[in-house]
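Reviewing the structure listed below.
The values are calculated or read from the model by the stated rules, or taken from the named source; none is laboratory data. Treat the numbers as computed from the prediction; the structure is a model and nothing was measured. Backbone-built Cβ (ideal geometry, glycine too); neighbour counts: all protein chains shown.
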Amino acid sequence: MSAEVSPVTKTASKKDKLQKKEHSLQLKVAAKAYSAKYKKKNPGPAYAWPMGLWFSVFFAVPLLIILCYSFMKRDVYGGVVSEFSLKAYKQMFSPAYGVVFLRTLVITVIATVITILISLPCGYAMARSRHQTLLLILVVVPFLTNSLIRIFAWMTILGDNGMLNMTGKFFFDLWHKIFPGDGTAVFVPGKFMFTKGSVILVNIYMYLPYAILPVFTAVDRFDFTLIEAARDLGATKAQSMLKVLVPGIRSGIMSAIIFTFIPIFGNYTVPQLVGGKDSYMLGNIIVDQVQKVRNWPLASAFSMVITLISMAGVLLMLSSGKKEAGLKKMQNKEDTSAKLAGGIQ
């Protein structure tokens, strides 16, 4: 025989349900009021219009023109003929250009990997230092000069009569003065310029700050109590760094990779000035096709390839940070709801 529910219990249950519904409605009303107040104080869309217009006129429209040029015929005297053609893309997939593409990819990957390996300890040391401002200035200030000046500075270091060879010659002469031989030994300058190594070295120098800064920002925001907790649980210092710190600054590392890989992949000035025949890259092809060969459709096709690779890299970076942003958003919502609930009570 089932126990009967008393009228008092039913009334209390109904009151509890009504109170919960009323509390839920109050939270929704408060959240809407908070949102409206925030939007009134922060009219973001209105501020976004000038940026959107600038982006459309100076990025989207030129990109659309390049895309259209890549599907047109080449004019004999330069420019394009307004006829649909896939000849530029057929030329682009020839074996000769395939070799240049692979060379560009190899140089870019090597330079990016070395840059990231250098930027990780640098960014970590800067974030943990008491002199962050000074270190940031030391990283940024040299790059306020023109990029061509910095490339020419490396040419004076790596050239046949540059600083490296002059230093080597000095020690060579000093050695033979201390230990004179038969006098037939001659100093031969090292071949540092116009090689793949010189292109990789100068690219690392040119784009190292773009890798250090996002890594520094990510490390600076990292909660180092997690590393202490890992050490308390028995992890070594290396294990705590690799399994706790590196995943925790993944967004900064991805940003550093994108900011380094994309500009090196499409770079033109570095291989042109310090590289040789074995370091001819896609950026050099585009410039030569525009200025010398006057094949604008082929140059546009190569430009679209670099653009697509750049867009893929940006999408990869956004997707990698999407999960982290979602977790932060949920946490912010929970904090806001708790504050609103506390204010209502």
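Checking the condition touching a residue at least 60 places away in the same chain (Cβ under 8 Å), closer than 28 Å to Lys277 by Cα and more than 22 Å from the chain's Cα centre (by Cα), which residue from Met206, Met193 passes? Walk me through it before giving the result.
Numbers: Met206 fails: more than 22 Å from the chain's Cα centre (by Cα).
Just one listed residue meets the conditions, Met193.
All conditions in (1) outside any helix (DSSP H, G or I); (2) charged (D, E, K, R); (3) under 24 Å from Asp278 (Cα atoms) hold for Arg103, with the sole exception of (1). Within the stretch 103-146, which residues are free of Cβ contacts under 8 Å to residues at least 40 places away in the same chain and among the small types (Gly, Ala, Ser)? Ala125, Ser129, listed by residue number.
If I filter the stretch 137-154 for residues that are among the β-branched types (Val, Ile, Thr), in a helix (DSSP H, G or I) and surrounded by 13 or more Cβ atoms within 10 Å (Cβ to Cβ), do I get at least one hit?
Of the residues in the stretch 137-154, the ones among the β-branched types (Val, Ile, Thr) are 137, 139-141, 145, 149, 151.
Cutting the leftovers down to in a helix (DSSP H, G or I) gives us 137, 139-141, 149, 151.
Still in the list and also surrounded by 13 or more Cβ atoms within 10 Å (Cβ to Cβ): 139, 151.
Within the stretch 137-154, one or more residues are among the β-branched types (Val, Ile, Thr), in a helix (DSSP H, G or I) and surrounded by 13 or more Cβ atoms within 10 Å (Cβ to Cβ).
In the stretch 74-97, the qualifying residues are those that are among the aromatic types (Phe, Trp, Tyr) and either part of a helix (DSSP H, G or I) or within 14 Å of Asn295 (Cβ to Cβ) (or both), and the one that is modelled with the lowest pLDDT is Tyr77. Output the residue which, of all residues in the stretch 264-294 that are within 15 Å of Leu105 (Cβ to Cβ) and hydroxyl-bearing (Ser, Thr, Tyr), is surrounded by the fewest Cβ atoms within 10 Å (Cβ to Cβ). Among them, the one singled out is Tyr280.
Selection of first residues in the stretch 293-322 that are within 23 Å of Ile258 (Cβ to Cβ) and touching a residue at least 40 places away in the same chain (Cβ under 8 Å) and of second residues that are outside any helix (DSSP H, G or I) and among the small types (Gly, Ala, Ser), restricted to Cβ pairs under 9 Å at least 6 apart or on distinct chains, gives the following pairs, ordered by first then second residue: Ser303/Gly266; Ile306/Gly266; Thr307/Gly266; Ile309/Gly266; Ser310/Gly266.
Would you please name the residue that is modelled with the lowest pLDDT, looking only at residues in the stretch 264-294 that are of a type outside the set (D, E, K, R) and part of a loop (DSSP other than H, G, I, E, B)? Step through it out loud before you land on a result.
Start the filter on the stretch 264-294 by keeping residues that are of a type outside the set (D, E, K, R), which leaves 264-276, 279-287, 289-291, 293.
Restricting the remaining residues to those that are part of a loop (DSSP other than H, G, I, E, B) gives 266-268, 275-276, 280-281, 293.
On the way: Gly266: 90, Asn267: 91, Tyr268: 91, Gly275: 90, Gly276: 86, Tyr280: 91, Met281: 93, Val293: 90.
Selected residue: Gly276.
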